[in-house]
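Read through the structure below, which is laid out as structure tokens, and then see the notes.
The values are calculated or read from the model by the stated rules, or taken from the named source; none is laboratory data. Given the structure is predicted, the values throughout are model-derived calculations rather than measurements. Here the Cβ positions follow ideal geometry from the backbone for every residue, glycine too, while neighbour counts run over all protein chains shown. When the accessible area is computed, the model is the full protein with side chains, heavy atoms only, and any ligands, DNA or RNA have been set aside. Shrake-Rupley method; radii C 1.70, N 1.55, O 1.52, S 1.80 Å.
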Amino acid sequence: MIKVMVVGGGAREDAVCRKLARDGAKIYSVLSNLNPSILSLSTDRLIARETESRTIVSYAEENEVDLVFVGPDPALATDLVDSLIEKGIRVASPTRKAAEIETSKAFMRELVDKYKIPGQVDHRVFTSTSGLPEYLAELGDYAVKPLGLTGGKGVRVKGDHFRTDSEGLDIAARIIGSDGSVLIERKIIGEEFSLQAFSDGENLSFMPVAQDYKRAFDGDMGPNTGGMGSITDSDHGLPFISKSAVSESKEIMLQILHAMRSEDREFRGILYGQFMETSGGTRIIEINSRFADPEGINALFLMDDSLLDVLFGISDGKLSEHYEFMKKATVLKYVVPPGYGSADPEVVELHVDPGIAGQGSEIFYASVSGTLSDIRTTRSRSLAVISAAESIPEAAEITDSVVNRIRGRFHYRKDIGTRESLDQKIRRMESIRSASPP
Ligand code: GLY
């Protein structure tokens with residue numbers, strides 16, 4: 001049996017482990033939390049922080065694993081993948097230099113400029129506040145972003161998270177104070193979408209397009225989170241995103257892949273672009289070096305072909321052009337502890353009775369410990385509930401019915417994937433497309 005080591009202990013890694021186990025792999029897991037689902041799938045496990053690369057490499061050697069897959073971005077920012085490759089171990093994740101496409105937002109923007117790749121957003125990096133007030137005034141509306149990893153929670157957008165330039169300046173100055181630099185980008189208007197692809201360094205094989213609902217509360221209110229849920233549609237597009245925007249984003253990702261190769265940063269792994277369809281075309285929000293969380297779970301849930309074969313294809317630099325995904329819509333909702341997204345979420349007990357997720361649904365375990373039925377949460381996301389159906393609203397109803405059978409106190413978003421939410425997005429994009437480009 002093929003031994004695969006999976007690094008990471010969240011719902012996304014649970015989905016990876018379940019798929020690999022179904023594909024016939026023997027799982028060796030590395031995680032810092034006692035995720036009951038991942039542990040139940042694992043032949044053996046190392047309890048360690050995902051950034052402890054030396055310990056993880058020794059564990060891979062001791063267990064003579066055949067292949068390693070690294071889930072979370074903080075681990076990709078370490079020397080873990082490079083050290084495994086040096087030891088002659090196959091890895092289906094990008095090297096540290098390649099992962100900089102995500103770990104340094106400045107590098108990504110410079111690469112897009114240098115290779116004249118479409119989809120760029122007006123931006124500047126500041127290492128002091130000199131010239132910053134003038135640039136903020138020039139842009140009018142903007143996003144303030146740390147250059148490094150933020151777990152999806154560090155970006156602050158004028159009009160969404162704060163109102164005035166003086167607040168924007170304070171936020172930017174604080175980021176310069178802690179990180180040494182800050183990225184300011186022009187605010188763009190439209191709907192975001194996520195495009196993930198398997199990459200063997202030269203070619204991309206795309207997964208269904210998805211959308212992540214980032215805000216904590218219904219109606220896109222409240223703070224940004226790591227993601228409260230995500231949707232995909234049965235045609236693998238999205239009802240509010242045009243086909244041309246999807247084609248443009250595919251072309252952008254291919255150009256980025258080829259630019260990375262020219263820069264001697266060949267990217268083998270999962271390339272994940274966050275894009276926005278705007279009145280002026282498709283724009284790049286971020287490029288990431290891993291499965292999206294939660295959107296990666298939607299893709300893995302739909303995947304018909306063997307993930308094990310794909311991971312070998314990635315590590316060997318030889319992927320097929322196309323992999324099969326079920327032609328169904330999916331809706332995923334995260335169950336989170338009360339107060340999640342605020343400064344002080346609660347830690348609670350949840351109970352999952354066996355069999356509450358019927359055929360067409362699944363529950364993945366995130367930052368929790370305990371058993372499969374009696375769970376203790378952390379202050380982070382707890383369970384990812386996903387369902388597939390013919391349409392997005394039908395999948396949302398099934399997911400809600402599973403969520404409502406979980407016992408305990410928790411929060412989840414009720415509006416993800418509803419007909420009303422989709423219609424609102426369709427109308428919004430119709431009006432954005434009919435406006436003249438900025
Ligand atoms: N879906 C947001 C992220 O994975 O960064």
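Counted over segment 1-42 with a bin width of 10 Å, the fraction of Cα pairs per bin, in whole percents, is 36, 58, 6.
Calculate, for the chain, the solvent-accessible area per residue in square angstrom, rolling a 1.4 angstrom probe over the heavy atoms of the protein chains.
Values: 17410 Å² over 438 residues.
Each residue of the chain exposes 40 Å² on average to a 1.4 Å probe.
When the Cα positions of Phe325, Ser315, Pro338 are compared along the charge dipole of the chain, Pro338 comes out farthest toward the positive end, with charges on each C-beta of Lys, Arg, Asp and Glu. For Ser369 and Glu346, the difference between the fully extended length at 0.36 nm per residue and the C-alpha to C-alpha distance is 6.8 nm. Rolling a 1.4 Å probe over the protein heavy atoms of segment 14-123, with every protein chain left in place, gives an accessible area that is 43 percent carbon and sulfur.
Return the whole-Å distance between the Cα centroid of segment 279-357 and the Cα centroid of segment 194-241. Cα centroid of segment 279-357 versus Cα centroid of segment 194-241: 8 Å apart.
In segment 39-185, a dipole from Cβ-located charges (positive for Lys and Arg, negative for Asp and Glu) runs towards its positive end, and of Ser128, Gly151, Thr51 it is Ser128 whose Cα lies farthest in that direction.
Ignoring ligands, DNA and RNA, what percent of the accessible area of segment 182-317 is carbon or sulfur (1.4 Å)? Please report the intermediate quantities before stating the final value.
Details: 1620 of 3780 Å².
Roughly 43 percent, rounded to a whole number.
Above 40 angstrom, tally the Cα pairs of the chain and express them as a % of all pairs, no decimals.
Values: 12602 of 95703 pairs.
Value for the chain (Cα pairs over 40 Å): 13 percent.
Under a 5 Å amide H cut-off, with hydrogens placed 1.01 Å from N, Asp293 pairs with nothing among residues at least 5 apart or on other chains.
For segment 239-285, what is the convex hull (Cα atoms) projected area averaged across all directions, in square nanometres?
Numbers: hull surface 15.0 nm².
Mean projected area of the Cα convex hull: 3.8 nm².
Residues in segment 369-380 carry Karplus couplings, in order, of 10, x, 10, 5, 9, 10, 10, 10, 7, 9, 8, 10 Hz; the curve used is 6.51 cos²θ - 1.76 cosθ + 1.60 with θ = phi - 60°, and Gly or Pro positions show x.
Determine Rg/Rh for segment 292-438; Rg is computed over alpha-carbon atoms and Rh is the Kirkwood hydrodynamic estimate from the same atoms. If you can, show how the numbers build up before the last one.
Numbers: Rg = 18.1 Å, Rh = 17.3 Å.
Rg divided by Rh gives 1.05.
Set the Förster radius R0 to 30 Å, insert the Cβ-Cβ distance between Ala173 and Arg49 as r into 1/(1 + (r/R0)^6), and round the FRET efficiency to 0.05. For Ala173 and Arg49, the calculated efficiency is 0.45. Taking a straight Cα-Cα cut-off under 23 Å and skipping sequence neighbours fewer than 8 places away in the same chain, the lysines within cross-link reach of Lys318 are Lys3, Lys19, Lys26, Lys87, Lys97, Lys250.
Based on the Cα coordinates of segment 305-347, what is the per residue volume of their convex hull in Å³? Provide the component values of the computation, followed by the final result.
Details: hull volume 7.1 nm³, N = 43.
Spread over its residues, the Cα hull of segment 305-347 gives 165 Å³ apiece.
Under a Cβ-only charge scheme (Lys and Arg +1, Asp and Glu -1), can you give me the dipole magnitude of the chain about the Cα centre, in debye to the nearest 20?
Values: 52 positive and 66 negative charges, 108 e Å.
Magnitude of the dipole: close to 520 debye.
The Cα-based radius of gyration and maximum Cα-Cα distance (Dmax) for segment 9-117 are 15.2, 48 Å. The C-alpha atoms of segment 157-304 occupy a region whose extents along the principal axes are 49, 40, 28 Å, arranged from largest to smallest.
In segment 334-424, what percent of the accessible surface is made up of carbon and sulfur (1.4 Å probe, ligands and nucleic acids excluded)? Answer for segment 334-424: carbon and sulfur cover 49 percent of the accessible area.
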